[in-house]
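Below you'll find the structure, written out as structure tokens, and then a few comments.
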Amino acid sequence: MDFEEYYSQRVKWINEALDMCIPQRSIPQKTLIESMRYSLLSGGKRIRSVLLTEFCKAAGGDPENALSFACAIEMIHTYSLIHDDLPCMDDDDLRRGRPTNHIVFGEAAAVLAGDALLNAAFETMLSDGCVGDLKTSVKAVPVDLRLEACRLIAEASGAYGMIGGQMLDIENENRQVGAELVEKTHRLKTGALISAACVSGCILAGARQEQRMAAQRYAEALGLSFQIKDDLLDRIGDEKALGKPVGSDAGRGKITYVDIYGISGCERKIAELSMMAKSCLSEFEDNGFLMWFTDYISTRKH
Ligand code: GRG
């Protein structure tokens, strides 16, 4: 199979679903909806949603049943990017090659659009599959499994996951932090949501415990390699491909993996972690795409 073509079809499928989840409406608060849609539908690699639906598939489930959860995880990811770009956080003007949300809609609207996307994510996961104009087959998944997946995603996005990691990241700025704290920060800030994507895909498929554990181990290795790659791209990436300026981490006084391991050390680490991640996939029979996707993530240009 041509995995590149398959991946682009999956991204298209997810983008169409996201477009239907939050349709533009002619209502008084239409600017808020426009601001949510601006960031939600502005491209992005859809890594978390693809992982969620593909782990569901690899564990023997129907990816269609996981579509609303895939949309929800992209909404959470998008909200985190909108808030991360705000002047009170990273103060970035460019994201995915376009002006950031607050540059276009103003700070207040950007805060609210992020908040509303987070709420929409939970509404989407807790719905019976009809969200906005989107209809999914999530009802085929037993309610206890849906709740378990939703709880996992909630925990991964909160104080003990992504938001906790963001807090550490802010506190680490302009401080001489060691490798251990940098790793802890990224495990929470970036890794937690990636793990939740992989494991909740398995949960929605009703996967065996061994498969859930393998998905967790896979995601831990992948999440770390993803972050090291992100740091590497921030140092030596191509601004045009990235759609944002390079060198912003160093400019903000952040210690990155490049400071800790150097460029070739980072490249070595990424290769090791990708191998480790791929070895966890042996627990899944239909693992061809996930094998390819692991390499795609570690060799990506943006
Ligand atoms: C503000 C609550 C809050 C959290 C922010 C995820 C995050 C925490 C901030 C994003 C900033 C950042 C550059 C994090 C490092 C890794 C990361 C999440 C990169 C962006 O993810 P991709 O590459 O983005 O999957 P696309 O654009 O492809 O969706």
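The values are calculated or read from the model by the stated rules, or taken from the named source; none is laboratory data. Quick caveat: nothing in here was measured; it's all calculated off a predicted structure. Glycine also receives a Cβ, built like all others from the backbone with ideal geometry; neighbour counts cover every protein chain displayed. In case anyone asks, the SASA skips ligands and DNA or RNA and just uses the protein heavy atoms, side chains included. Shrake-Rupley method; radii C 1.70, N 1.55, O 1.52, S 1.80 Å.
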FRET efficiency (residue 3, residue 32; Cβ distance; R0 41 Å; to 0.05) is 0.60
PRE zone check, label point 7 Å out along Cα-to-Cβ of residue 263, amide N under 17 Å, scope segment 209-237, hits 228-237
With DSSP loop assignment and no more than 16 other C-beta atoms within 10 Å, the GluC sites (Glu not before Pro) in segment 218-302 are 285
Taking alpha-carbon centroids only, segment 83-112 lies from segment 221-250 a number of Å equal to 19 Å
Computed from the beta carbon distance with a Förster radius of 45 Å, FRET efficiency for residue 252 and residue 148 to the nearest 0.05 stands at 0.75
For residue 301, counting only aspartates and glutamates whose alpha-carbon sits under 17 Å away and dropping same-chain residues fewer than eight positions off, the answer is 4, 230, 231, 234, 238, 239, 267
Under a 1.4 Å probe, counting only protein heavy atoms, residue 186 has an accessible area in Å², nearest 10, of 20 Å²
To the nearest 0.05, the calculated FRET efficiency linking residue 160 and residue 240 through their beta-carbon distance, R0 being 30 Å, is 0.20
Compactness summary of the chain: radius of gyration and Dmax from Cα atoms, Å, are 18.4, 53
Under the Karplus relation with 6.51, -1.76 and 1.60 and θ = phi - 60°, whole-Hz ³J(HN,Hα) for segment 66-81, x at Gly and Pro, equal 9, 4, 5, 5, 4, 5, 4, 5, 5, 5, 5, 4, 5, 4, 5, 5
Cα gyration tensor of segment 141-281 diagonalised, 5x eigenvalues square-rooted, in angstrom largest first, produces semi-axes 29, 17, 13
With +1 at each Lys and Arg Cβ and -1 at each Asp and Glu Cβ, the charge dipole magnitude of segment 168-302 around its Cα centre, to the nearest 20 debye, comes out at 120 debye
Given the candidates 38, 302, 77, the one whose Cα lies deepest towards the positive end of the charge dipole of the chain, counting +1 at each Lys or Arg C-beta and -1 at each Asp or Glu C-beta, is 38
From DSSP H assignment alone, runs of 4+ in the chain each adding -39500 (n - 2.57), the sum over residues rounded to the nearest 500 puts [θ] at 222 nm at -21500 deg cm²/dmol
Taking a ≥ b ≥ c as the square roots of the Cα gyration tensor eigenvalues, with a/c under 1.5 meaning rounded and otherwise prolate when a/b beats b/c or oblate if not, segment 52-203 comes out oblate
Among trypsin sites (Lys or Arg not before Pro) in segment 1-51, those in a DSSP loop whose Cβ has at most 14 other Cβ atoms within 10 Å are 25, 45
Simple SL model, points at 7 angstrom along Cα→Cβ for residue 175 and residue 296; separation in nm is 3.8 nm
Taking the dipole of the chain about the Cα centre (Lys, Arg +1; Asp, Glu -1; charges at Cβ), the one of 168, 262, 150 that reaches farthest to the positive side is 150
With every protein chain kept in place and a 1.4 Å probe, the residues 162, 167 fall, from largest accessible area down, as 167, 162
About its Cα centre, the chain carries a charge dipole, from +1 on Lys and Arg Cβ atoms and -1 on Asp and Glu Cβ atoms, whose size in debye to the nearest 20 is 180 debye
Among 226, 209, 245, the residue whose Cα sits farthest towards the positive end of the charge dipole of segment 203-247, when +1 is placed on the Cβ of each Lys and Arg and -1 on the Cβ of each Asp and Glu, is 209
Lys and Arg at +1, Asp and Glu at -1: neighbours of residue 112 with Cβ under 14 Å from its Cβ sum to -1
Treating only Lys and Arg (+1) and Asp and Glu (-1) as charged, each at its beta carbon, one finds that segment 1-148 has a dipole about its Cα centre, in Debye to the nearest 20, of 340 debye
Residues whose built amide H sits under 5 Å from the amide H of residue 98, excluding neighbours closer than 5 in sequence, are none
Counting only backbone N atoms under 17 Å from a point 7 Å out along Cα-to-Cβ of residue 137, the residues of segment 40-69 in range are 53-69
